[in-house]
1. Place a label point 7 angstrom from the Cα of B:Asp23 along the Cα-to-Cβ direction, then list the residues of region B:44-77 whose backbone nitrogen is under 13 Å away.
2. Full-extension gain between B:Glu190 and B:Asp91, please, as 0.36 nm times their residue separation minus the C-alpha to C-alpha distance.
3. Please list, ordered by chain and number, the residues whose modelled amide H lies under 5 Å from the amide H of A:Leu3; skip anything fewer than 5 residues away on the same chain.
4. How many percent of DSSP beta bridges within region B:89-182 run antiparallel, rounded to 5?
5. Rounding to the nearest 10 and keeping the result within 0 to 90°, find how far the Cα-based axis of helix B:51-60 lies from the longest principal axis of chain B.
6. Name the chymotrypsin sites (Phe, Trp or Tyr not before Pro) in region B:98-147 that are in a loop by DSSP and that have at most 10 other C-beta atoms within 10 Å, would you?
7. Need one number: nm distance between label points at A:Lys33 and A:Ser12, each 7 Å from Cα along Cα→Cβ, rounded to one decimal.
8. As a footprinting exposure proxy, order B:Val125, B:Val214 by other Cβ within 10 Å, with the fewest listed first.
Amino acid sequence: MALYIVEADCISCGDCEPVCPTNSITEGKIVFKIDAKTCTECEGDFDVPQCVKVCPVDNCILPLEA
Amino acid sequence: MNSQAISRELALRIGLAARALPDTDAKRLLSVLTDCIGLPLTEQKIAGIDLNALKSAKAGEFADVDEPLLTHALSILKSGLNAPERQAYTDGDMPGSVRIACASNDGINVDGHFGSCSQFLIYQVSADEARLIDIRNPDIPDGLEVDDKNAFRAELIQDCQVLYIASVGGPAAAKIVKLGIHPMKLPGIETIADIIKQLQTVIAGTPPPWLAKVMGVEASDRFHFEREATG
């Protein structure tokens, strides 16, 4: 029950970081990353994951378990 | 009369510079330049004009024009706008390179809006080389019915991985991204030469993963980068 950022597609725009209700997104050494331990996929806070909603790149943020 | 003739190239530059100024045609700019440096207009004399001289010429004809616009027009006038030569390129010539499109009106700066610029300059850029491989005219050919001008423009540069523009609208940006082109809107007007230099620094260093991907660097090599970067 968590999302992850596809490293090869992330453009490091940073749009996802402030919209995460659980503050699970941080800027890593290469690109942004999601802490799988705290990511809730926004369940309880929003209907859809906010990072996916704001991300400008298609299929860049995906569920960890398909 | 012959002694007053100006070179074709200088005439072109004056025309382009006039376009860069509000409510100015070549004739108006020509009259100001003539007042400023006298006939005949030569490259040497134009090279000596500074901003203040241009502003005060012909009783301050251009005194009310914004300074950045005047500076820009001056840079066009002075630039050795030797209509840049296209260079030959065949796929595979430059390994580890990326193809970029620059939206431009003057052919020198990235000063174009995606939907209205007069040309796209296409460069193939690697860490140590840059070739102007094409200049594309985005005007819709006569007789061709096009529903969506922006989609037409995006398709024109479909072979490029990165697009530099001075500005772009949201829906147009979405169409660009959809074709796999990465749009880069610049915070201010920059010369194409500067943009290429910056890009080359990035390519020579550790390119971000998305760029490495569009450059065709194998994922395994990218992983190698990362391990070094993460140390």
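1. B:61-66
2. Details: separation 99, 0.36 × 99 = 35.64 nm, distance 2.82 nm.
Separation in residues times 0.36 nm, less the Cα-Cα distance, equals 32.8 nm.
3. Here the answer is A:Glu41, A:Leu64, since their amide H atoms fall under 5 Å of that of A:Leu3.
4. On the way: 14 of 19 bridges.
If I count the DSSP bridges inside region B:89-182, around 75 percent turn out antiparallel.
5. 40 degrees
6. Working: sites: B:Phe114, B:Phe120, B:Tyr123; in loops: B:Phe114.
Listed in order of number, the matching sites amount to none.
7. Here the answer is 1.5 nm between the modelled labels.
8. Working: B:Val125 24, B:Val214 18.
Ordered from fewest to most neighbouring Cβ atoms within 10 Å, B:Val125, B:Val214 come out as B:Val214, B:Val125.
Read-outs: derived from the displayed coordinates by stated rules, not from any lab. None of the values given here were measured: they were computed from a predicted structure. Positions of Cβ are generated from backbone atoms using ideal geometry, with glycine treated the same way; all protein chains shown enter the neighbour counts.
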